[in-house]
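The structure appears right after this line, and notes come after that.
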Ligand SMILES: [Zn+2]
């Protein structure tokens with residue numbers, strides 16, 4: 001249930017998290033966790049639009065948009081983002097194993113509220129998210145290995 005008007009502290013937090021490059025799904029989770037609200041991801045997107053806020057060009061969404069015209073590839077990207085350390089190898093419809101891509105970096109697994117503009121924002125996990133947290137590469141929301149991971153074709 002969306003509230004008609006967001007209290008100022010909620011808007012401030014939305015602002016800060018957007019500036020940090022966090023995805024809307026995680027913005028909603030962390031605002032809800034902090035204020036006991038129940039904003040949906042779409043509510044956060046709508047509010048950001050109404051405020052005239054937009055995400056930075058460095059968001060992971062850019063990579064997803066680039067592969068939109070290739071359905072097989074889009075599925076692989078989504079699988080990579082949603083399923084973390086699966087118990088059994090994942091396979092596609094043809095029974096071919098899908099290889100999860102990973103970067104040669106030891107993630108610090110820090111929480112969303114601990115993230116600063118200096119940390120790599122590469123997410124880990126499904127229900128409970130943590131972030132890589134290594135020092136980000138200048139001009140990117142991710143560390144060098146994660147920039148390489150998310151920008152190569
Ligand atoms: Zn990283």
TODO: Take peptides 27-33, 11-17 and line them up by average Cβ neighbours within 10 Å, highest first, as a rough protection proxy.
DONE: 27-33, 11-17
Task: Inter-label distance for residue 106 and residue 128, nm, one decimal - labels placed 7 Å from Cα along Cα-to-Cβ - done: 2.2 nm
Open item on the list: Please rank 124, 142, 39, fewest neighbouring Cβ atoms within 10 Å first, as an exposure proxy.
Closed with: 124, 39, 142
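The numbers here are math on the coordinates, done by the rules we state, and not lab data. Predicted, not measured: the structure shown is a model, and the values here were computed from it. Using ideal geometry, Cβ is built from the backbone for each residue, glycine included, and neighbour counts are taken over all protein chains shown.
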